[in-house]
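A short worksheet on the structure shown next.
The values are calculated or read from the model by the stated rules, or taken from the named source; none is laboratory data. The shown structure was predicted, so the numbers you read here are calculated from the model rather than taken from an experiment. A quick note on method: Cβ atoms are made from the backbone with ideal geometry, for glycine too, and the neighbour counts reach across all protein chains shown.
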Amino acid sequence: MTEGSRKAVLAAMLANGGIAIAKFVGFLLTASASLLAEAVHSVADTGNQGLLLLGSARAKKEATPQHPFGYGRERYFWAFAVSLVLFSLGGMFALYEGIEKFRHPHEIESLSIAIGILVFAILLESYSLRTAVKEARHVKPETVSWWTFIRTTKQPELPVVLLEDIGAETGLFLALGGVLMANFTDDPRWDAVGSISIGILLIIIAIVLIIEMKGLLIGEAAGDKDRSAIIGAIETSASVERLIHIRTQHIGPDEVLVGAKIEYDSALSADQLVAAINRTENAIRAAAPTATVIYLEPDLLVADHPDDRPQSAGAADEVDTGQISGDELH
């Protein structure tokens, strides 16, 4: 986990912990369904940040014979767990509580206390969201939209915190709106509507996170920038005739596995070929520091092999999404 991601996670954890306590106190004083739904949501968020920190710590474990590529994907797993917690304990609970209070409405007590706690929570959540946005700007290219950043980044913590904070901030305004409407209309069902709206919002956010984390867990290719840098480093390396075939995969947020078949100058001796391969590996690592595990196979371009066909840098990039045949990597 980068230092920026850690700051965002810790800020969210502190903010959500304080908000959860305030909301529970508010619920006990007002019996507001929206406040209870928001309180459980904040407890879930606080625990979620703990899971993200746990994943970061476990990802640092040394590789073992059973896990030779290390534990970098632990960060993806725990981010996936966060998505499930947000879906169940956050969204489903808020939805259930809202439906129950809609069927059996209960008058809100101490309106001023409920509003005060919600405004306090909005201020704390705004601080957490501001921290997450600030830290994300350090890694998000200016030309990339926030939605594209969330969909394509390989760092799981920042998208999780950003979407959690956006959901929490929106949920607080929904809760505030439900409480105010319940008071102005003398109909407590508006408070239940606020809780139901919060539940639907959290479920949508959780589904987005589940889809994104599932893709990372299964294994995604390196981003366009890194793939282009890797391909460029190979094709411009000394003694390389052509890049025949390449595969990349993230084995952790900051670790990329690279496998490639390359045609080298046929006049090279065995010792010269080994030196040329080492130069190519060094060039790849210099161009893309995230390429931590590299397997290069010298080969010849032959017409009868399905993957052995001439490729430009762009075509080689496209082949990256195909199937790996049995003899690709040894």
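Criterion applied to 130, 137, 58 was being modelled with pLDDT of 85 or more, among the charged types (D, E, K, R) and under 26 Å from residue 21 (Cα atoms), and the one residue passing it is 130. Scanning segment 213-255 for residues that are among the hydrophobic types (A, V, I, L, M, F, W, C) and within 16 Å of the chain's Cα centre (by Cα) gives 213, 216, 217, 218, 221, 222, 251.
Could you run through segment 1-26 and say how many residues are buried (at least 20 other Cβ atoms within 10 Å of the Cβ), at pLDDT 80 or above and under 19 Å from residue 96 (Cβ atoms)? Selection size over segment 1-26: 1.
Look at segment 208-249 and say how many of its residues are part of a helix (DSSP H, G or I) and closer than 19 Å to residue 280 by Cβ. Give the steps one after another, and end with the answer.
Residues of segment 208-249 part of a helix (DSSP H, G or I): 208-218, 224-235.
If we keep only those that are closer than 19 Å to residue 280 by Cβ too, we end up with 226-235.
Selection size over segment 208-249: 10.
Residue 192 fulfils the conditions (1) touching a Lys or Arg at 6+ places or on another chain (Cβ under 7 Å); (2) at pLDDT 90 or above except for a single criterion, (2).
Do we find that residue 205 is touching a residue at least 12 places away in the same chain (Cβ under 8 Å), not in a helix (DSSP H, G or I) and not hydroxyl-bearing (Ser, Thr, Tyr) in this structure? Criteria not met by residue 205. Scan segment 65-75 and give yes if some residue there is touching a strand residue (DSSP E or B) at 6+ places or on another chain (Cβ under 6 Å) and either aromatic (Phe, Trp, Tyr) or assigned to a helix (DSSP H, G or I) (or both), otherwise no. Yes, segment 65-75 contains at least one residue that is touching a strand residue (DSSP E or B) at 6+ places or on another chain (Cβ under 6 Å) and either aromatic (Phe, Trp, Tyr) or assigned to a helix (DSSP H, G or I) (or both). When each of 79, 57 is tested for being among the small types (Gly, Ala, Ser), closer than 14 Å to residue 161 by Cβ and in a helix (DSSP H, G or I), the lone residue that passes is 79.
Of all residue pairs spaced 6 or more apart or on separate chains, those with beta-carbon atoms under 6 Å, a first member in segment 143-157 that is closer than 13 Å to residue 225 by Cβ and a second member that is at pLDDT 90 or above and surrounded by 12 or more Cβ atoms within 10 Å (Cβ to Cβ) are 154/250.
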